[in-house]
Amino acid sequence: MDFSSLTLSPALATLIFCLTCLAGHSYRRVWKAEGPIYQYWVFGLLAASGLLILGFIPVDLPG
């Protein structure tokens with residue numbers, strides 16, 4: 001499998017960024033309310049995976 005051509009479109013990168021921000025905000029809300037442990041994991045893993053995707057997969061900019 002050739003991973004050298006793997007890129008994100010700007011629209012997809014923006015969508016992932018917005019979902020990551022929402023997951024991070026939800027994680028903080030659950031943390032402050034001392035909510036259920038499973039919600040820590042769900043929102044934390046979503047936020048972490050979004051940041052890893054945006055950090056390691058380049059965005060395909062036109063031009």
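Observations on the model:
- Cα-based helix-to-principal-axis angle, 37-56 vs the chain, degrees rounded to 10: 20
- On Cα atoms only, tilt of 10-33 relative to the major axis of the chain in degrees: 10
- Rolling a 1.4 Å probe across the protein heavy atoms gives the chain an accessible surface of 80 Å² per residue.
- Rg over Rh [alpha-carbon atoms, Kirkwood Rh] for the chain: 1.12
- Structure-based [θ]222 nm, the chain - -39500 (n - 2.57) summed over DSSP H runs of at least 4, per residue, nearest 500: -24500 deg cm²/dmol
- Taking the chain and dividing mean pair separation by its residue count, relative contact order in percent (alpha carbons under 8 Å, at least six apart): 53
- Ordering of 28-38, 9-19 by packing [mean C-beta count within 10 Å, highest first]: 9-19, 28-38
- Carbon + sulfur, % of accessible area of the chain - ligands and nucleic acids excluded, 1.4 Å: 71
The values are calculated or read from the model by the stated rules, or taken from the named source; none is laboratory data. Since this is a predicted model, take the numbers as computed values, not measurements. In this analysis, Cβ positions are derived from the backbone assuming ideal geometry, glycine residues included, and neighbour counts consider all displayed protein chains. What goes into the accessible areas is simple: the full protein's heavy atoms, side chains included, and nothing from ligands, DNA or RNA. Shrake-Rupley method; radii C 1.70, N 1.55, O 1.52, S 1.80 Å.
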